[in-house]
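See structure below.
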Amino acid sequence: MNAQNRVKFAAMLQREIPQLFQKLFESYAAEHSRGRAQYMKDNLQFWDNGKVAIQPESLNRFSAVRFPDTTASERNWLICHYVEDGTSLRMRSFEIDLRIESGLDGSAERLRSIVRNFLERPYNVEVATHFYDGMLWVLDGEATGFWNAVDPYIRAQGEAAFKEVSGRIEAYIYLMQRNAVPIPFRKSIPYPGGRIGIDFNHTVGKRMVERLKFWRAKPIPPAIAPESERKFTCPNPDCSRVMLLTPDEVRANAFACPWCWKYGSVTSPLTSK
């Protein structure tokens, strides 16, 4: 167990739970003398914030000192306080990358397994190291006792997370399996204590093939003739002016001379200049 984490835990007790810190002070004094206990009390906050470097001898004393006996109410209050604070114990965040090639069924199952994990594995949490080491110190190294004590709080978080995301995930899977979500598609689903990030890019190749087939099935519009091929001479011998046809006139295969209003077509035996 990290002695520095014991220092941080003791500093937290000194700031926030003076009655429990006093028990630690008495235990420290009984093992290392009252003068050293007072020195610890006077410098603890400075050690914690780094303003004063803790000497190896003081650190070793923290490694050796036994935490005093605590009541069940004190332990429960301590755990409850820090679970509800949210900085020492919280659910893990999950990042799901659905850029896979195993099919939509595999993607859907991965999503559902993450959601089920909130209920089936309620200890899937992040615990601050100083808090975990400190609680093992309080519980005399009994890890099982720690997890039993925090189980009600963790399970409640898991149930809240499950309720928050299960319906939204099923709705997303419903759209995903019917190709009703745009590709690529990114979505963030928050839940108490974290979030699920989805980056879904499956079936892009399939959709591109379908789009190419659609394009090939459509009639190809006629190419726009270059300007040099859109110059025609008016068919009226009295006019014979050269004009530049618009693309629409070329497509319509008909035009009218803007000077004499003689009509003609691009397939007429006109003299091109």
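For this structure, a couple of remarks:
- The loop-placed trypsin sites (Lys or Arg not before Pro) in the range 129-189, going by DSSP, that have at most 15 neighbouring Cβ atoms within 10 Å of their Cβ come out as Arg178.
- For Tyr191, distant residues with modelled amide H under 5 Å away: Ile196
- Per-residue Karplus couplings for the range 2-7, computed as 6.51 cos²θ - 1.76 cosθ + 1.60 with θ equal to phi - 60°, are listed in order as 6, 5, 5, 5, 5, 4 Hz, Gly and Pro entered as x.
- Across all directions, the average projected area of the convex hull around the alpha carbons of the range 1-96 is 7.8 nm².
- For the range 1-52 versus the range 137-157, the spacing of their alpha-carbon centroids is 23 Å.
- Length gained when the stretch Ala72-Glu142 is fully extended (0.36 nm per residue, less Cα-Cα span): 23.8 nm
- Loop-resident chymotrypsin sites (Phe, Trp or Tyr not before Pro) (DSSP state other than H, G, I, E or B) in the range 114-150 with no more than 13 further Cβ atoms inside 10 Å of their Cβ: Tyr123.
- The simple spin-label model puts a point 7 Å past each Cα toward its Cβ; for Gln177 and Ala53 those points are separated by 6.3 nm.
Read the figures in this text as sums done on the coordinates, not as results from a lab. For clarity, every value in this text was computed on a predicted model and none was experimentally measured. Quick reminder, even Gly has a Cβ in these numbers, built from the backbone with ideal geometry, and neighbours come from all protein chains shown.
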